Structures are given as C-alpha cells and as structure tokens.
Amino acid sequence: MSAVEAPAKILVTGASGFISAHVCRVALEHGYHVIGTVRSKSKGDYLDNLFREYGARFRYVVVEDIVKPSVFDDHVKGIDAVLHTASPFHFRANDPKELIDPAVHGTTGILKSIFKNGPNVKRVVITSSVAAVIFPTESPYTFTEKDWNTYSPDLIKKEGKNAPQGHKYQASKTLAEHAAWEFMKANEGNIKFDLVTINPSWVLGPTIHQAKEPKALNESIRQFWEHISRPQPKEALAVSGPNFVDVRDVALAHVRALEVSEAGGQRFIASKGPFTYQQFYDILRDARVPNVPEGYPGCDKNTKTNYQDGSKAERVLGLKYTHTKDTVIDTLMSIRTRFPHTNRQPVHSQL
Ligand code: NDP
C-alpha cells in the first residue's frame, strides 16, 4: 500500500525555488493537489501561471519567513503530506546563523505545526543534502546514508563567522536534518506521520523557476553557468567537484518518497556520480554545442574523487538517473533558451 496517493493534498514549502518548482511540477503530473508556500505574491503569481494547465490543483500561500514560530500552523490543516524544501542555499553568509536559523527553525517549525494542527498528515519528506552526509576524507571514499557530517557543525562551533562558507552551509543542513530525526524520536508513539529525507548531491538540470538573469538562478546553476560561460583556470577544471544529480530525478525522488511505503524513516542520497567541469566541456564539445570553452582536455585524467552512493534511491524509490550528457546539455540549453542574449556572449576557448 502506498503511504500517500494522488489526489492527496500536499504542501510544498519554498515552491519558488529551483528544486521545489520541479517537485511541484512532478507532483501535479502525478495527480496531486499542490499548495506551494512562497515568500511573496509575485513569486506565487509566477507559479500560478507556470502551472495554469493544472487549474485549481495548484495554489499558493504566502509564508514570508520560515524562521518565525508557528508560521505553518494554518497551512497544514487539511493537508495529507508535506514536502519541506525551503532553506537558504548560498555561500555568502557572514554569520553562520543566517543559514542555520532558517534551516533548523524552518524544519522544526513545520514539524511542530504538523504535530499540532495536521492530523491528516501521513508523511513528511524533507530536502536535506549530501552536505549533511559528507566530510573531508581521503579519496576515494564512498559515502552512503550511514554517514553523517559532524565535521562542519564542529568547525562552526570553533570558528564561527571565520569558518569557510561551504561549511556554514553544510552545518545548516546537518543541524536541520539532525533536528528533524531528533523531533521524530522525541515524539515517538504520539506522532501520526513518518519522515523521509532526500539528500541530493549538487543539483543541475533545466530551470523553470523565476529568475531575471542566469546569475539570479539558484546557487548550483549559477556556478554551472559561471563555469560554462567563462573560461576557467586549469585547476578549476580538473578538480573533482561534488557529485551531481539531475533536478528532474531529485523531484521524482521526493514524490516517490511520498508514495513508497517502506521509504518511511529512511534517508536517501540522490546522486548520479562525480564530475569535473572539464568532463562537462568535453560532453558539450562532442555534442557540437557551440560557444563552449574547450578547457584543457585530459587535465582531469588523474583526478581523485569521492563517491556519493545514490543506489538506495534506485532500489527503493525506483529512480533511474538521467544520463550525464542529457543533464549537462539540458542545463545549458535551458539557460540559453530562457535568456537568449547569453547565446551571443563570446566565449574564448582558453584562459
Ligand atoms: P533555491 O534558492 O532555489 O530555493 C530555496 C527556497 O527556499 C526558495 O524558494 C527560498 O525563497 C526559500 N527560502 C529560503 N529561506 C527562506 C526563509 N527564511 N523563509 C521562507 N523561504 C525561504 O535553492 P535550491 O532549489 O537549490 O534548494 C532547495 C533545497 O534543496 C534547499 O533545502 C537546499 O539546501 C537543498 N539542496 C540543494 C542542492 C542544489 O545543488 N541546488 C543540493 C542539495 C540540497 P526565496 O527564493 O524567495 O528567498
């Protein structure tokens, strides 16, 4: 039996975001009634228009700040399942609290609201991240759902504002996911819903959310765009980036996590595998995509990498990861199609 089935009513937080807009899309395609939370009316109106073919099955509510206590209290009433994706993702926080507070209070806040006011909620799916899984280690190492990143929160305790940006974000994701599992444990026996976390690698793929220009897209796509639209130094191309995954697979993982009964109480890494930007250049060049830097072919031959094992999501949630070539081409084409002026920007072949 499915944990949740269409046409159930689901609440999706941060619906205006890169991943969340795709989560809403897939949920609508599966026949759900979707209520998306957004921070402003204009962001909601954009989504209303994007999902107009689904008529009354999509609507939005405005939740300006997930940090504020009880903001979800009214919005979980009558809801069957919740997908909580809202959380800040960027690398420009001065104080780590800018990331940690919304991540942790947003997560515990929505769980408390469901506990209080959401008697129909059967399942909650939280967008965590591999940021809550991975830690600095010798390569090659294969990370699985058993791993927890305690390194970043410890570093933040020691270094505070001076900690590297990446660890401020990683700490926010670890602390938020940890708080969610602790909440479940503390309320065991009195709670009517179960919890699933999806822990994606670096997410790429076509964008459908609102943005005025490529650099205003979310962090992972902005960085992809920077690497593809401007030649990079050799070192930046050979370095093993994080692993990556397609946003369409991540969105499907969220919806499957609602439906697959045995997913309850589990974490799922969503990851296709490691990458280098040189590999992406090579793929685009082989596919004859114009106006892409050549880089330094072969520079990543000896790149050492870690693996984020996304096979459990294949086995349990039935994911079939998108081919790397499709992700890379579709990511770039989606940006070039949405922002036609970017096609005309000259790209020199090397730095
Ligand atoms: P986006 O920045 O596109 O989406 C984040 C969403 O959260 C936005 O809708 C944003 O609203 C909302 N949000 C942030 N802070 C608040 C707040 N204080 N109150 C209300 N809403 C808030 O990023 P992504 O789509 O990339 O990320 C979505 C989720 O996926 C996050 O939890 C992120 O940690 C996780 N993730 C992302 C990965 C990636 O590579 N992209 C990888 C792994 C996990 P607004 O834009 O209006 O501020």
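The values are calculated or read from the model by the stated rules, or taken from the named source; none is laboratory data. The model shown is predicted, which means the values in this text are computed figures rather than measured ones. Virtual Cβ from ideal backbone geometry, glycine too; neighbours counted across all protein chains shown.
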Sole residue being touching a Pro at 6+ places or on another chain (Cβ under 6 Å) and either part of a loop (DSSP other than H, G, I, E, B) or aliphatic (A, V, I, L, M) (or both), chosen from Ala211, Ala171, Ala180: Ala171
Some residue of segment 244-267 being surrounded by fewer than 23 Cβ atoms within 10 Å (Cβ to Cβ), free of Cβ contacts under 8 Å to residues at least 40 places away in the same chain, among the acidic types (Asp, Glu) and in a helix (DSSP H, G or I): no
Segment 288-331: number of residues that are farther than 23 Å from Tyr141 by Cα, assigned to a helix (DSSP H, G or I) and of a type in the set (Asp, Glu): 2
Every residue from segment 183-208 that is assigned to a loop (DSSP other than H, G, I, E, B), of a type in the set (S, T, N, Q) and near the ligand (Cβ under 10 Å from one of its atoms): Ser201, Thr207
Residues located in segment 65-91, provided they are within 12 Å of the ligand (Cβ to nearest atom), in a loop (DSSP other than H, G, I, E, B) and either among the small types (Gly, Ala, Ser) or within 21 Å of Tyr169 (Cα to Cα) (or both): Asp65, Ile66, Val67, Lys68, Thr85, Ala86, Ser87, Pro88, Phe89, His90, Phe91
Hits in segment 209-236 - residues which are of a type in the set (S, T, N, Q) and either within 16 Å of the ligand (Cβ to nearest atom) or without any contact (Cβ under 8 Å) to a residue 12 or more places away in the chain (or both): Gln210, Asn218, Ser220, Gln223
Matching residues in segment 149-166 - criterion: being within 16 Å of the ligand (Cβ to nearest atom) and free of Cβ contacts under 8 Å to residues at least 60 places away in the same chain: Asn149, Ser152, Pro153
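Suppose we filter Val255, Val245 for residues that are at pLDDT 95 or above and within 13 Å of the chain's Cα centre (by Cα); which single one remains?
Going through Val255, Val245 in turn, just one is at pLDDT 95 or above and within 13 Å of the chain's Cα centre (by Cα): Val245.
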Hits in segment 1-52 - residues which are part of a helix (DSSP H, G or I), aliphatic (A, V, I, L, M) and farther than 20 Å from Asn199 by Cβ: Leu28, Leu47, Leu50
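Checking the structure you have, find out if any residue of segment 141-152 is farther than 28 Å from Val255 by Cα, surrounded by fewer than 18 Cβ atoms within 10 Å (Cβ to Cβ) and more than 23 Å from the chain's Cα centre (by Cα).
The answer is no, given that none of the residues of segment 141-152 is farther than 28 Å from Val255 by Cα, surrounded by fewer than 18 Cβ atoms within 10 Å (Cβ to Cβ) and more than 23 Å from the chain's Cα centre (by Cα).
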Positions within segment 17-43 being buried (at least 24 other Cβ atoms within 10 Å of the Cβ), near the ligand (Cβ under 9 Å from one of its atoms), over 20 Å from Ser201 (Cα atoms) and touching a residue at least 40 places away in the same chain (Cβ under 8 Å), in sequence order: Thr37
Number of the condition not met by Glu138 [criteria: (1) surrounded by fewer than 21 Cβ atoms within 10 Å (Cβ to Cβ); (2) in contact with an Asp or Glu (Cβ under 6 Å, 6 or more places away or on another chain)]: (2)
